Amino acid sequence: QQDDIAAGQYYLEAVRERGWEDQTDKAVTRALKQVPKPVSGTATAHRLSILLTRSAILTESGEAGQDTGLSEVLHEVDLLYTIQKLKFACGELNHRLFSGPTLHLEGLAEAQRLAHLPQFRDIPVVRAYLHASQMLELELEASPEALDHYRALRAMYTKRPPFSPEEARDLFACLQNFIVGRYHKGDGSLL
């Protein structure tokens, strides 16, 4: 009762379990309204869960040829994959700045490719993690282009960064480690 997101999801699950198909649209709208803004990994996971339940209701009760919301589900799956893959790849790349590689980053190039797609490239958290991942990769290669991605990511930090507080802290750590890494290499210009 104290968690609006959970309440919306539980109500939607009740609609499914009890066969109240006529309440599906209302329940989905109610649940989606509770998903936090802005777009984040957590918010996308909540939205995906709601859309999966809706799709299951429509599939179970629908008629042949009925839209079951599969395109929306696939969009959220791709968005969630892109955000999470870039986020955790940044964690590994951040670690590499000081300790060297520990994990193989399978799929990073694909996540970066997805981040450039029209449906994702204007989402601030996707754009931020894309810049962070490219900044860190290029810094590890000692490429001067890393600074361009640093500046682009740094510019996204306004009075109120356009991402969730958790992701704002995570991305800030990428910026901070980039600056510290540069400082240890003798470049104090970013301080």
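The table below gives the values:
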item	result
Chain lengthening between Glu110 and Asp25 when straightened (0.36 nm per residue, less Cα-Cα)	27.2 nm
Accessible area expressed per residue, the range 1-114, with surrounding protein chains retained (probe 1.4 Å, Å²)	58 Å²
Calculated SAXS-style log₁₀ I(q)/I(0) at q = 0.18, 0.19, 0.22 Å⁻¹ - the range 14-114, Debye, Cα scatterers	-0.87, -0.93, -1.10
Dipole axis of the chain (+1 Lys, Arg; -1 Asp, Glu on Cβ), positive-most option in Gln23, Ala43, Ser61	Ala43
Computed lengthening from Ala7 to Gln66, 0.36 nm per intervening residue step minus Cα-Cα distance	18.5 nm
Label-reachable residues, the range 35-58, where backbone N falls under 19 Å from a point 7 Å from Val77's Cα toward its Cβ	41-58
Cα-centre dipole for the range 23-171 with unit charges at Cβ (Lys and Arg positive, Asp and Glu negative), debye to 20	740 debye
Value of relative contact order over the chain, rounded to a whole percent, pairs C-alpha under 8 Å and six or more apart	17 percent
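The values are calculated or read from the model by the stated rules, or taken from the named source; none is laboratory data. These numbers come from a predicted model, not from an experiment. Here the Cβ is made from the backbone with ideal geometry for all residues, glycine too, and neighbour counts use every protein chain on show. Heads up: the accessible areas ignore ligands, DNA and RNA and are worked out on the full protein's heavy atoms, side chains in. Shrake-Rupley method; radii C 1.70, N 1.55, O 1.52, S 1.80 Å.
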